1. Roll a 1.4 angstrom probe over the protein heavy atoms and tell me the percent of accessible area of the range 1-113 that is carbon or sulfur.
2. May I ask you to give the solvent-accessible area per residue for the chain, in square angstrom, as obtained with a 1.4 angstrom probe?
3. Binned at 5 Å from 0, what are the whole-percent values of the Cα-Cα distance distribution for the chain, short to long?
4. Counting pairs of Cα atoms in the range 70-115, how many percent are more than 17 Å apart?
5. Take L50 and S14, extend 7 Å from each Cα along the Cα→Cβ direction, and tell me the distance between the two endpoints in nm.
6. From the backbone phi of the range 26-32, what are the Karplus-calculated ³J(HN,Hα) couplings (6.51 cos²θ - 1.76 cosθ + 1.60, θ = phi - 60°) in whole Hz, Gly and Pro given as x?
7. Rounded to the nearest 500, what is the chain's calculated 222 nm mean residue ellipticity when only DSSP H runs of at least 4 contribute -39500 (n - 2.57) each, over all residues?
8. Going through the range 26-115, which GluC sites (Glu not before Pro) have at most 11 other Cβ atoms within 10 Å and a DSSP loop state?
Amino acid sequence: MKLTEEQLKAKLFSKLQEDYNAFLDKLLNGDRELLKCSVKELSVKSDMMLEFEYFPPLDGDNLKAILGKKHPLDYLYKEWDNNAETIDDDIHWAIVEIAEKEAERLEIHKSEPER
């Protein structure tokens, strides 16, 4: 049975929430130094979660590209952090940009002939 886009969005949000909860558990059960080093990550991941909850930024192939990630929130954060100088400052558009690049990468990989 093929899932509707709304069902895919709900599935992605559930995966994001699992990632976020695991991240929070790690912070709460870690030492103070871990917490101090993770303030930026906590802030950005919290902003990303708010975007997905209130203004879901992804649809179509972009949604599927991120949904395919084992840990989508970690993936989005790492891509955002690694490309902070070149990616959009607005979290909403940064997520869209990351997802578009991943969807494009998957499409190129899919269309490459097998060897």
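1. Values: 3890 of 7440 Å².
Carbon with sulfur: 52 percent of the solvent-accessible area.
2. Details: 7890 Å² over 115 residues.
Result: 69 Å² per residue.
3. Answer for the chain: a P(r) of 2, 11, 21, 23, 18, 12, 8, 4, 2, 1, 0 percent.
4. Values: 394 of 1035 pairs.
Here the long-distance tail beyond 17 Å is 38 percent of all Cα pairs in the range 70-115.
5. Label at L50, label at S14, 2.6 nm between them.
6. These are the phi-based 3J(HN,Hα) values: 4, 5, 5, 9, x, 8, 4 Hz.
7. Working: 6 runs with 87 residues, N = 115.
The per-residue figure over the chain is -24500 deg cm²/dmol.
8. Numbers: sites: E33, E41, E51, E53, E79, E85, E97, E100, E102, E104, E107, E114; in loops: E85, E114.
Passing sites in the range 26-115 are E85, E114.
The values are calculated or read from the model by the stated rules, or taken from the named source; none is laboratory data. What you are looking at is a predicted structure, and each value in this text was computed from that prediction instead of being measured. Here Cβ is always computed from backbone atoms with ideal geometry, including for glycine, and neighbour counts include all displayed protein chains. Each accessible area value is taken on the protein alone, full model and side chains, heavy atoms only, with ligands, DNA and RNA left out. Shrake-Rupley method; radii C 1.70, N 1.55, O 1.52, S 1.80 Å.
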